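Presented below is the structure to which this report refers.
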Amino acid sequence: MEIRKIQITGGSSYIVSLPKQWIKSENIQKNDPVGLIVQPDGSLLITPKIGRESIQRTRVFEVGATTDRPYLLRLLVGAYIAGFTTIRLESKERLSPFIRQLVREFTQMAIGQEVVGETDTSVTIRDLLNPAEMPFENTIKRMHLLARGMQQDAMTAIRGRDAALAKDVVVRDTEVDRLHWLVARQDNLILTDAMLSRRMNILPNQAAHYLQVSRIIERIADHATRVAQNAPALIDREIEAAMLDLMDEASTLALEIFSRSMEAFHTGDIRKANETLQTVRDLEEKTREINARALRLEAVAAILLVQIAESIRRIGEYSGDISESVINYAVGEGI
């Protein structure tokens, strides 16, 4: 850290000199304007980027016929989440068909990504989405509705012996992942672009709070997916009505905890968050009862039911984590 003393000029103006190395690195010339942004902690951010244009960042990956497909997909997702506005794949030889196919899959998975340039040896992907047009609040609400609906339909598929509905639940998990990646991307963009933070009217610590809740919702959706994946295997097995009723009760309670936690999140209600946490124990008791009854059944059915009960329990516990996050954030902000 460089320490500089405040000076007074003209009897009323306070001035401080700026580091020469920074001036040169940013190519700032005499009479160029710079922006001054007062931060919540009282610090002052000085930036040469005073326009409304977002920071443009490019990431280039070298690929070839021997490139590992899953590894390349992870690189693309990583670059997307990191906030790069342009991603370019380059090859010394003609691009393999599997790479072009992977790029198409990636652009369908990641929100706002489009191929804007393509040659025999390269593909350029660019982000066409204006981050300010996708508020965190709206994305989180959408994730909540998707994950909640997935679990409801997964339980309906079990009772109705509906393999098609169960498969549809599994497919919907991709949509939750896409939205979670978007939240993670916007969080990184805000950390690297102070002007974006102002345009979206959200502070970095608020964005981090949204990201934490988004990650929890994504995990809830994963457990709803696991419930749905177990549903087809139960179609040909007779499960007594009392067991199905108990599972429905447990799932309903887990989703109530989920919804109440989200209400507390959107309103910043510490009391509601705390009250919601108390009901997690009730859910644990119900899932223990499911496990006890399942052990009386034949091995395959017992294993499936115990796995479903575990996912229901985890949905409730993750929902409780949202309430804990609400309390921690609200206390930290003095709400």
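The values are calculated or read from the model by the stated rules, or taken from the named source; none is laboratory data. Quantities reported herein were computed from a predicted structural model and do not represent experimental measurements. Cβ sites come from the backbone with ideal geometry, for glycine too, and all protein chains shown count toward neighbours.
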Hey, does region 289-308 have a residue that's of a type in the set (A, V, I, L, M, F, W, C), within 22 Å of the chain's Cα centre (by Cα), in a helix (DSSP H, G or I) and crowded, with 16+ Cβ neighbours inside 10 Å?
no
Residue under evaluation I125, criteria (1) crowded, with 20+ Cβ neighbours inside 10 Å; (2) among the hydrophobic types (A, V, I, L, M, F, W, C); (3) at pLDDT below 95; (4) touching a Lys or Arg at 6+ places or on another chain (Cβ under 9 Å), criterion not met:
(3)
Would a scan of region 144-162 turn up a residue that is over 14 Å from the mean Cα position of the chain (by Cα), farther than 30 Å from N230 by Cβ and outside any helix (DSSP H, G or I)?
no
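Residue by residue, here is whether (1) in the same structural domain as I308 (by TED's automatic domain parsing); (2) surrounded by 15 or more Cβ atoms within 10 Å (Cβ to Cβ) holds:
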{"residue": "G83", "(1), (2)": "no, yes"}
{"residue": "S91", "(1), (2)": "no, yes"}
{"residue": "L95", "(1), (2)": "no, yes"}
{"residue": "D120", "(1), (2)": "no, no"}
{"residue": "L146", "(1), (2)": "yes, yes"}
{"residue": "A157", "(1), (2)": "yes, yes"}
So which residues in region 325-335 are assigned to a helix (DSSP H, G or I) and either over 18 Å from the mean Cα position of the chain (by Cα) or among the small types (G, A, S) (or both)?
S325, I327, N328, A330, V331, G332, E333
Test: residue in region 218-227 that is farther than 20 Å from R142 by Cβ and of a type in the set (V, I, T)
yes
Number of the exception - R314 against (1) touching a His at 6+ places or on another chain (Cβ under 6 Å); (2) surrounded by 20 or more Cβ atoms within 10 Å (Cβ to Cβ)
(2)
How many residues of region 32-60 are loosely packed, with under 15 Cβ neighbours inside 10 Å and at pLDDT 85 or above? The answer is 2
Requiring at least 2 residues that are in contact with a helix residue (DSSP H, G or I) (Cβ under 7 Å, 6 or more places away or on another chain), the helices (runs of 4 or more DSSP H) wholly within region 1-118 are 69-82, 97-109
Suppose we keep only residues that are surrounded by 10 or more Cβ atoms within 10 Å (Cβ to Cβ) and of a type in the set (S, T, N, Q) within region 1-24. Which one would you say is nearest to L44 (Cα to Cα)?
S17
